[in-house]
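S.K.: Below is one structure. I have some questions about it.
What follows is calculated from the coordinates using simple rules that are stated; it is not laboratory data. Everything numeric here is computed off the predicted structure, so don't read it as measured data. Cβ atoms come from the backbone with ideal geometry, glycine included; neighbour counts cover every protein chain shown.
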């Protein structure tokens with residue numbers, strides 16, 4: 001999943017980004033409302049964490065414009081304001097949840113998981129293809145019942161593959177969902193990471209699950225394309 005954090009307190013934005021990345025999310029950050037709205041309009045995000053008190057354009061304005069444009073990704077408002085009127089206004093404009101600063105990261109993650117479970121984001125606690133099983137809650141991978149250790153980026157990449165079985169994924173699509181917008185897609189990092197993943201789940205196995213589509217990208221499938 002790819003998350004956008006729009007928060008003008010850079011230290012807080014960095015703290016949220018680091019915590020989310022440790023939980024296998026791809027995260028972009030923006031520090032003002034105009035840039036945040038531009039990023040929302042030009043990139044695909046699965047969830048947005050949006051501060052209300054922002055320079056250039058406040059969170060209420062962004063929220064209103066995003067919903068008027070028909071975008072329905074979950075939006076969690078994050079703000080120092082705790083007045084009932086502000087909460088009600090945000091929810092009326094189309095926010096899905098509201099978290100008041102200061103907050104614990106544990107609570108933030110619990111609210112994100114709740115938003116995912118509500119159904120706007122395709123959430124499954126366990127992803128399975130053939131004898132490969134990815135436990136999302138425990139962050140563990142098993143093949144034929146045997147545990148396999150993954151790095152955070154390997155986990156995020158495998159999750160993206162397993163949420164899109166039998167679908168050819170281009171390097172651009174992989175970049176958008178597994179890395180943030182600063183990633184240089186012209187490097188060979190994606191191919192290196194896919195090869196590392198292959199060595200962990202397909203090496204010495206007859207039934208290969210990750211396949212290369214030359215000139216296009218990769219596909220995860222029980223059948224060889």
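S.K.: Counting alpha carbon pairs within less than 8 Å and at least 6 residues apart, what relative contact order, in whole percent, applies to region 126-220? Let's see the in-between values first.
M.R.: Values: 105 pairs, mean separation 24.5, N = 95.
Relative contact order, region 126-220: 26 percent.
S.K.: Turning to a different aspect of this structure: What angle do you read, to the nearest 10 degrees and between 0 and 90, between the alpha-carbon axis of helix 105-117 and the longest principal axis of the chain?
M.R.: That helix lies at roughly 70 degrees to the long axis.
S.K.: Would you list 51, 28, 135, 149 from fewest to most Cβ contacts within 10 Å? Can you show the working numbers first?
M.R.: Values: 51 26, 28 20, 135 14, 149 9.
Going from sparsest to densest Cβ surroundings: 149, 135, 28, 51.
S.K.: If you don't mind, there's one more thing I want to ask. Using only the Cα atoms, what convex hull volume per residue in Å³ does region 2-117 have? Write out the running numbers ahead of the final one.
M.R.: Details: hull volume 10.7 nm³, N = 116.
Looking at region 2-117, the number lands at 93 Å³ per residue.
S.K.: Set the Förster distance to 22 Å, then compute FRET efficiency between residue 89 and residue 10 from the Cβ-Cβ distance, nearest 0.05.
M.R.: Details: r = 26 Å, r/R0 = 1.19.
The formula returns an efficiency of 0.25 here.
S.K.: Report the relative contact order of the chain, percent, no decimals, based on alpha-carbon pairs under 8 angstrom and at least 6 residues apart.
M.R.: Contact order relative to length: 16 percent.
S.K.: I'd like the orientation of helix 59-68 relative to the chain: the angle between its Cα long axis and the longest Cα principal axis, in ° from 0 to 90, rounded to 10.
M.R.: 60
S.K.: Calculate, for residue 213 and residue 163, the FRET efficiency according to 1/(1 + (r/R0)^6) with r their C-beta to C-beta distance and R0 30 Å; round to the nearest 0.05.
M.R.: 0.95
S.K.: With just the Cα atoms of the chain, tell me how far they stretch along each of the three principal axes, in Å, largest first.
M.R.: Per principal axis, max minus min of the Cα coordinates gives 61, 34, 31 Å.
S.K.: Then there is this: Which FRET efficiency, nearest 0.05, do residue 206 and residue 56 yield, Cβ-Cβ r, R0 45 Å?
M.R.: The calculated FRET efficiency here is 0.20.
S.K.: Dividing the alpha-carbon radius of gyration of region 126-220 by 2.2 N^0.38 Å (N being the number of residues), what value is obtained?
M.R.: 1.03
S.K.: Test of understanding: in a Gaussian network model of the chain with alpha carbons linked when under 10 Å, which of 76, 47, 169 would top the mean-square fluctuation ranking?
M.R.: With Cα springs under 10 Å in the chain, the top fluctuation among 76, 47, 169 is at 169.
S.K.: If you take every DSSP beta bridge whose two residues both sit in the chain, what share of them, in percent to the nearest 5, is antiparallel? The partial results should precede the final answer.
M.R.: Values: 17 of 34 bridges.
DSSP beta bridges in the chain are roughly 50 percent antiparallel.
S.K.: Provide 43, 30 in ascending order of the number of other Cβ atoms located within 10 Å of each residue's Cβ, fewest first.
M.R.: Sorted ascending by nearby Cβ count, the order is 43, 30.
S.K.: Want the number for residue 173 to residue 34: 0.36 nm per residue separation, take away the alpha-carbon distance, what's left?
M.R.: 47.5 nm is the gain from fully extending residue 173 to residue 34.
S.K.: Please compute the length gained on full extension between residue 104 and residue 139, using 0.36 nm multiplied by the number of residues separating them and subtracting their Cα-Cα distance.
M.R.: That works out to 10.5 nm of additional length.
S.K.: Additional query: With 18 Å as the cut-off, how large is the P(r) tail for region 1-70, expressed as percent of Cα-Cα pairs?
M.R.: 32
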